[in-house]
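Scroll down for the structure; my scribbles are underneath it.
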Amino acid sequence: MALYEKRQHLSRESLFSILSGAVQADAGEKKETDNILVYGNNGALIRARTKNQELLVKSYEEHDLVFAEGPAGTGKTYTAIALAVRAWKNKEVRRIILTRPAVEAGEQLGFLPGDMKEKLDPYLQPLYDALRDMIPAKRLESLMEEGVVQIAPLAYMRGRTLDHACVILDEAQNTSLSQLKMFLTRMGKDAKFIITGDTSQIDLVKKSDSGLSRCMELLRDIRGIAFVRFDSGDIIRHPLVKKIVAAFATLPAAGSPAASSKTSSKAAKTATTEASASESATKTSGS
């Protein structure tokens with residue numbers, strides 16, 4: 001009632017929260033509305049669902065820059081976008097800016113049909129998908145036309161100052177250290193940045209060009225920056241995804257001593273086999 005008297009109206013979110021609290025059987029029991037970030041479309045309740053998703057939420061609330069690194073399917077990007085939508089709805093920021101490198105397109109981008117937007121949209125689709133869960137389609141289209149919601153490849157960030165915005169860089173493992181520096185120095189007044197990535201899924205031709213791990217090491221001791229490490233326990237996709245990630249985790253990373261050792265061992269074994277075959281052929285021809 002006090003809330004109604006103050007605002008002269010009750011939103012759907014406020015009413016839902018009040019009713020949920022009123023019917024709570026046990027005061028010590030966790031409420032259904034706990035950890036809700038956004039009330040999505042069709043009544044969906046979008047909340048932090050794992051320990052590290054909750055840590056990402058807490059880190060965002062306490063820091064202006066957060067790195068979220070971990071395997072596929074852990075909800076890093078989805079949680080980050082939910083935080084951005086919540087911040088905008090609460091008028092904490094004026095804009096939501098989502099970006100990711102279009103690495104998958106590579107040099108073939110120029111050969112794809114259509115204008116630049118049509119060429120890039122497939123690589124930005126995961127960001128659109130998440131937003132469509134949280135903002136009605138027509139409203140989202142309007143917000144994008146107004147520039148309130150912006151989705152663009154990383155290269156388009158150069159030269160900009162991003163004020164009063166929640167900015168998310170997705171797939172950061174596919175950026176170089178210099179690209180990360182360029183992006184991070186776009187931070188303007190009242191801005192919040194979230195960087196998400198998975199260092200086990202680098203799509204760069206030279207995996208050593210990825211700057212995400214190095215960037216996190218460089219910035220680790222700076223006050224105001226938080227780091228959240230997701231793991232297989234946070235995977236919320238199909239149960240098989242967790243097992244697949246675990247299986248691939250047993251492979252040595254490309255360029256690691258173990259991988260080099262295996263490659264050298266295989267090469268040595270091949271060389272030995274070829275030498276034996278050559279020696280055998282020589283003996284046969286000489287007999």
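Given the residues Lys207, Lys117, Lys189, which is the only one that is out of contact with any helix residue (DSSP H, G or I) (no Cβ under 8 Å at 6 or more places or on another chain) and either of a type outside the set (Lys, Arg) or at pLDDT 95 or above (or both)? Going through Lys207, Lys117, Lys189 in turn, the sole match is Lys189. Going by the structure shown, is Met182 modelled with pLDDT of 95 or more and in the same structural domain as Glu217 (by TED's automatic domain parsing)? So Met182 fits the description; yes. Please specify each residue of segment 34-58 satisfying the condition of being under 14 Å from Asp234 (Cβ atoms) and in a helix (DSSP H, G or I). Within segment 34-58, Lys51, Asn52, Gln53, Glu54, Leu55, Leu56, Val57 meet the criteria.
A count restricted to segment 225-234 and to residues that are modelled with pLDDT of 95 or more and either closer than 17 Å to Ile168 by Cβ or among the small types (Gly, Ala, Ser) (or both) stands at 5. Evaluating Cys215 against the criteria (1) in a helix (DSSP H, G or I); (2) more than 23 Å from Pro126 (Cβ to Cβ) leaves one unmet condition, (2).
Scanning segment 62-94 for residues that are in a strand (DSSP E or B) and within 20 Å of Val241 (Cβ to Cβ) gives Ala68, Glu69.
Condition test on Ile222, is it over 18 Å from Thr77 (Cα atoms), in a helix (DSSP H, G or I) and among the aliphatic types (A, V, I, L, M)? Criteria not met by Ile222. Can you say whether Ile244 is at pLDDT 90 or above and assigned by TED's automatic domain parsing to the domain that holds Pro101, as far as the supplied structure shows? So Ile244 fails the test. For residues that are in contact with a strand residue (DSSP E or B) (Cβ under 9 Å, 6 or more places away or on another chain) and under 20 Å from Val93 (Cβ atoms), tally how many sit in segment 173-188. Final tally of qualifying residues: 5.
The values are calculated or read from the model by the stated rules, or taken from the named source; none is laboratory data. The structure displayed is predicted, hence computed values, not measured ones. In this analysis, Cβ positions are derived from the backbone assuming ideal geometry, glycine residues included, and neighbour counts consider all displayed protein chains.
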